[in-house]
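Student: Sharing a structure with you now.
The values are calculated or read from the model by the stated rules, or taken from the named source; none is laboratory data. These figures come from a predicted structure and were not determined experimentally. FYI the Cβ positions are ideal-geometry reconstructions off the backbone, even for glycines, and counts take in every protein chain you see.
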Number of protein chains: 2
Amino acid sequence: MSTTITTAGWNHTEIEISHSVLQKAYQRETETLMAQVRSQINNMTDMQQLWQVHDLLSAKRYDLDGKYDNREPMLVFTFAQLLKEGWISLEELNGLDSAKLAKISSLSKM
Amino acid sequence: MSTTITTAGWNHTEIEISHSVLQKAYQRETETLMAQVRSQINNMTDMQQLWQVHDLLSAKRYDLDGKYDNREPMLVFTFAQLLKEGWISLEELNGLDSAKLAKISSLSKM
């Protein structure tokens, strides 16, 4: 098997790690969003601020809908994005093979 | 002048009453919305509930955008809608001529 094929496949352990990390990242990101909305709503004094919350929710809903793509061919990109945005650390992905980790790490810096 | 033409025109006093009533109705409706969102946000426990708030805000923003139409030919319809939804009372429109009041009242029951 060539290196390319090895990097592309995800074994059972890697899939388990991926699901667990995705779940944790989603929880962190959504809890942060809920806290942010709670704070904005409790400090709002006018409708302009309520529409700002609406704009934030529209953007985040769209963002979250696309970002947590757990299809195998997309996982490297999903993790790179989450790493870039600070929702996960590279250490949490320990257990993935080193070629995947290197790819995720370098994509996250783009 | 025919009754139709009389009903269609809005004199200075009627315009002043209209603007004042529209402003009050808008304030009531938006304060109610802000209170409702505050309550939902402070009671939410999961993301599903946050997206429900987003859906509510999307619907209300669209609704409010169209509803407070203060162009003269639309005022009768605007007031009928606000009356129907309970944001104003017919008494608050005292000072408009009786033909307009009758029209608003009957449209509000449709």
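Student: What about A:ILE17, is it part of a helix (DSSP H, G or I) and touching a helix residue (DSSP H, G or I) at 6+ places or on another chain (Cβ under 6 Å)?
Tutor: no
Student: In addition: Here is a list of conditions, (1) more than 14 Å from chain A (Cβ to nearest Cβ); (2) under 18 Å from A:GLN48 (Cβ atoms), and B:GLN81 meets all of them except one; can you say which number that is?
Tutor: (2)
Student: Yes or no: A:SER39 under 30 Å from B:SER39 (Cβ atoms), touching a Ser or Thr at 6+ places or on another chain (Cβ under 9 Å) and surrounded by fewer than 15 Cβ atoms within 10 Å (Cβ to Cβ)?
Tutor: no
Student: Consider A:TRP87 against the criteria (1) surrounded by 15 or more Cβ atoms within 10 Å (Cβ to Cβ); (2) without any contact (Cβ under 8 Å) to a residue 60 or more places away in the chain; (3) not in a helix (DSSP H, G or I): it satisfies all of them except one. Which criterion is unmet?
Tutor: Of the numbered conditions (1) surrounded by 15 or more Cβ atoms within 10 Å (Cβ to Cβ); (2) without any contact (Cβ under 8 Å) to a residue 60 or more places away in the chain; (3) not in a helix (DSSP H, G or I), the odd one out for A:TRP87 is (2).
Student: Within region B:1-14, how many residues turn out to be in a helix (DSSP H, G or I) and either at pLDDT 65 or above or in contact with a strand residue (DSSP E or B) (Cβ under 6 Å, 6 or more places away or on another chain) (or both)?
Tutor: Total satisfying the criteria: 3.
Student: Could you pull out the residue among A:ALA59, A:ALA25 that is in contact with a helix residue (DSSP H, G or I) (Cβ under 7 Å, 6 or more places away or on another chain), outside any loop (DSSP other than H, G, I, E, B) and of a type in the set (Gly, Ala, Ser)?
Tutor: A:ALA25
Student: Only residues that are among the hydrophobic types (A, V, I, L, M, F, W, C) and either more than 10 Å from every other protein chain (Cβ to nearest Cβ) or touching a residue at least 40 places away in the same chain (Cβ under 8 Å) (or both): list them for region B:25-43, please.
Tutor: Within region B:25-43, B:ALA25, B:ALA35 qualify.
Student: Condition first: of a type in the set (S, T, N, Q) and either touching a Phe, Trp or Tyr at 6+ places or on another chain (Cβ under 8 Å) or at the interface with chain A (Cβ under 10 Å from one of its Cβ atoms) (or both). Now tell me which residues in region B:44-75 satisfy that.
Tutor: Within region B:44-75, B:THR45, B:GLN49, B:SER58 qualify.
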